[in-house]
1. Helix 86-113: angle to the longest alpha-carbon principal axis of the chain, degrees 0 to 90, nearest 10?
2. Given a cut-off of under 8 Å on Cα pairs at least six residues apart, what relative contact order in percent is computed for region 2-116?
3. Counting pairs of Cα atoms in the chain, how many percent are more than 26 Å apart?
4. Given charges of +1 on the Cβ of Lys and Arg and -1 on the Cβ of Asp and Glu, with all other atoms neutral, how large is the dipole of the chain about its Cα centre, in debye to the nearest 20?
5. Calculated from DSSP H runs of 4 or more alone, at -39500 (n - 2.57) each and per residue, what is the 222 nm mean residue ellipticity of the chain, nearest 500?
Amino acid sequence: MQGEIHSQLIEIYRTECGAVFQCNKNNSFLLEFGGRNSTFKTSNFLDFISLVKKINLTEMAKNLSPHADIAILMPHYTERCFVLTMKDAIDLKALLGGAKAMIQLNSMVKECLQPYVC
């Protein structure tokens with residue numbers, strides 16, 4: 001069963017901190033980050049990317065209060081709570097930014113090739 005699931009996943013983007021996979025069968029994305037996996041529907045994944053993008057790293061670095069260098073994300077569409085240190089936030093932003101760029105690139109390529117596909 002586990003091998004069957006992994007054979008349906010297409011790697012979208014990978015860094016040393018994690019990876020993003022796409023499952024066309026379930027129309028979902030799998031995020032591998034922080035030693036855990038989280039599955040998202042497409043719209044929820046794009047929303048999660050926006051949520052992570054809103055983390056203000058400059059404010060985290062400037063604020064001297066004890067817990068200012070932690071970002072907590074609890075998206076309602078997943079059971080996972082993301083507790084991110086500043087480094088985690090930087091790593092997750094890089095991973096999701098790369099994944100989003102690859103998704104957009106794939107869409108552009110499909111759009112360009114569509115007139116040539118019968």
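Quick note: the coordinates plus some simple rules give every number you see, no bench work behind them. Treat the numbers as computed from the prediction; the structure is a model and nothing was measured. Glycine also receives a Cβ, built like all others from the backbone with ideal geometry; neighbour counts cover every protein chain displayed.
1. The helix 86-113 is inclined about 20 degrees to the chain.
2. Numbers: 133 pairs, mean separation 25.0, N = 115.
Computed over region 2-116, the figure is 22 percent.
3. On the way: 1858 of 6903 pairs.
Result: 27 percent of Cα pairs exceed 26 Å.
4. The calculated dipole for the chain is roughly 200 debye.
5. Numbers: 4 runs with 52 residues, N = 118.
Value at 222 nm, helices only: -14000 deg cm²/dmol.
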